[in-house]
Amino acid sequence: MASYSYPKFAYRAPTDLMAGAPQRRPLVVIGAGPVGLAAAIDARLQGLEVLLFDEEDSVSFGSRAVCYAKRALEILDRLGVGDTIVDKGVSWNVGRTFLREEEVYHFDLVPEPGHKRPGMINLQQYHLEEALVRRAEELGVDLRWNHKVAGVQPLGDDGNSGARVSVQTPDGTFEIDADWLIVADGARSNVRRQLGLDIEGHVFKDRFLIADVIMKADFPAERWFWFDPPFHPNQSVLLHKQSDNVWRIDFQLGWDADPEEEKKPENIIPRVKAMLGDEREFTLEWASIYTFQCRRMKHFRHGRLLFVGDAAHQVSPFGARGANSGFQDTDDLLWKLALVVKGLAPEALLDTYDADRTYAADENLRNSTRSTDFITPKSAVSRLFRNAALELARTQPFARKLVNSGRLSVPAFLVHSALNTPDVDAFEGNMVPGAPLDDAPVRVAGQDVWLLDQLGNGFVLLAFADRAEQLDPVLRAQAAALAVGAIPVAVVLVTAHAGDVPGMTVLHDRDGLMAQRLDAHPGTCYLVRPDQHVAARWRRFDPSAVRAALARATAQVGPETVAV
């Protein structure tokens, strides 16, 4: 059973960047972790030049983030690496929670059919990063390894003229100016610390041991969580299967544990043997001790400095909300930034990145804190409640809803976004303005495909009809002219029966799941943003209403509509 072979990425002397320094670049990204790489890839897909600095020359060491949720996988699909990640990872939908050795609760993340992606995949972070690096190289991201950002100085009032970045390399230090700077340098962000920017929240006094072991086991690909197991009494344990026969085990240790002692192999191996049994062979691949915190910056935008991922917000690992929310950050940010950089939208559009993603961060922090409080009670009363809920869950169905071993990452419903156009018509279901669009199986030209894969990187109007020949004649006439300035809307027709309209993409809703999930009838229209969130919806096509919604979704109708 071989372990992972870490790649080494080539260092390039920055001779070109030093010539005539400080040069100026339109977009610089700091940090080549999953979120920084996703930002750089998305920038290229939006047609932006991007320069990315990272102080290392390889991927992250150890499994680190391992759980990637359905929404993150859909974003990775749009970035062009979804198939690679899912094919390599371990897909799972079911989680089980045990009190000692008895199952008290289980869940299914995708209880209904008709979704392209599973509820979760498990994959070591180094595999994800390597795939993202290859995609970034393919798209022409200017990746600079062994380039450490030593300092950032905002230019202009509050950074409104960009930033000057000081970079250290084996060949010397140089400075470069950025029109826009995306900061993705992680939870210990040097940029955030150097600029003295605030980050507030809670630090939890508990310690956990990660042990990645290589072994062959016939356990199902499920998430297993134990409270007070006999092999690790009075604490909790989490087990996940990863790729390449690597299994991730998290042992709760308590705040008083000595981290240096606990991560020694001679202390880890007996814990693992107590869990798995002496007869099972395994190899310890990687181990780490972690504590965690739930906190965020007050604002993610500081002039032309834009913070994403762990640099902007940190949550406990219970619920897999870290990298998943980071991908949603870049998904929200890059289409907005591209419109601003191209002069197609005002800079006020980026205030909605700050407003929407701080709202989403608060939701993640609430859920992550609740999970952590359940797993690690901080008082005698909360421990009494936790233990009572677990005992009752053995026999009482109502109590199972109280068991919280980590409410798992779900996509943010940006229902309060200033970019949404409120409903004027009655709709049922969850696809409200601000919701991430549900996927569904469809057919295009007789081929089975998936809805989200057909949307591209721009605004889309989904127009529903029973048959292709019943397309609204007004829509047919104006389909090519739906735009605000130079921002177009691609019209996609969705039909209940197979058909064709020359010059237009037609999706055949083969199983009726699109209509069901969107509560759509013939004549219904949905305006979908480039990040696949619903911007507006109507029961009939009205070109002026569509243009007004597009103007609102791109902050074209005045700053009062995008107030933070």
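Here, each number is a calculation from the coordinates, and none is a lab measurement. Just so it is clear, the model here is predicted, and its values are computed rather than measured. Cβ coordinates were reconstructed from backbone atoms using ideal geometry, including for glycine residues, and neighbour counts include every protein chain displayed.
Summary table below
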{"read-out": "Extreme residue, farthest from the chain's Cα centre (by Cα), among residues of the range 253-302 that are in a loop (DSSP other than H, G, I, E, B) and small (Gly, Ala, Ser)", "value": "GLY277"}
{"read-out": "Residue list for the range 95-122, filter: farther than 30 Å from ARG510 by Cα and out of contact with any helix residue (DSSP H, G or I) (no Cβ under 6 Å at 6 or more places or on another chain)", "value": "GLY95, ARG96, THR97, PHE98, ARG100, GLU101, GLU102, GLU103, HIS106, ASN122"}
{"read-out": "Subset of the range 169-186 [surrounded by 15 or more Cβ atoms within 10 Å (Cβ to Cβ) and either of a type in the set (Phe, Trp, Tyr) or free of Cβ contacts under 8 Å to residues at least 24 places away in the same chain (or both)]", "value": "PHE174, TRP180"}
{"read-out": "Qualifying position, being under 19 Å from the mean Cα position of the chain (by Cα) and surrounded by 19 or more Cβ atoms within 10 Å (Cβ to Cβ), among ASP439, ASP351", "value": "ASP439"}
{"read-out": "The lone exception for LYS8 - which of (1) charged (D, E, K, R); (2) part of a helix (DSSP H, G or I); (3) over 23 Å from the mean Cα position of the chain (by Cα) it fails", "value": "(2)"}
{"read-out": "Residue match in the range 60-81 (condition: touching an Asp or Glu at 6+ places or on another chain (Cβ under 6 Å) and among the aromatic types (Phe, Trp, Tyr))", "value": "no"}
{"read-out": "Residue, farthest from ASP332 (Cα to Cα), within the range 459-503, restricted to residues that are more than 33 Å from the chain's Cα centre (by Cα) and polar (S, T, N, Q)", "value": "GLN470"}
{"read-out": "Leading residue by the ranking (farthest from the chain's Cα centre (by Cα)) among those in the range 42-100 that are assigned to a strand (DSSP E or B) and aliphatic (A, V, I, L, M)", "value": "LEU99"}
{"read-out": "Single condition SER243 does not satisfy, out of (1) crowded, with 19+ Cβ neighbours inside 10 Å; (2) in contact with a strand residue (DSSP E or B) (Cβ under 7 Å, 6 or more places away or on another chain); (3) more than 21 Å from PHE231 (Cβ to Cβ)", "value": "(1)"}
{"read-out": "Residue count for the range 8-32, restricted to those that are within 16 Å of ASN146 (Cβ to Cβ) and either basic (Lys, Arg) or surrounded by fewer than 14 Cβ atoms within 10 Å (Cβ to Cβ) (or both)", "value": "6"}
{"read-out": "First in the range 47-75 and over 25 Å from ILE249 (Cβ atoms), second anywhere and surrounded by fewer than 24 Cβ atoms within 10 Å (Cβ to Cβ) and aromatic (Phe, Trp, Tyr), Cβ under 8 Å, 6 or more apart", "value": "ASP54/TRP145; GLU56/TRP145; ASP57/PHE9; ASP57/TYR11; ASP57/TRP145"}
{"read-out": "Hits in the range 322-339 - residues which are in contact with a helix residue (DSSP H, G or I) (Cβ under 6 Å, 6 or more places away or on another chain) and either within 18 Å of LEU419 (Cα to Cα) or among the β-branched types (Val, Ile, Thr) (or both)", "value": "ASP329, THR330, ASP331, ASP332, LEU333, LEU334, LYS336"}
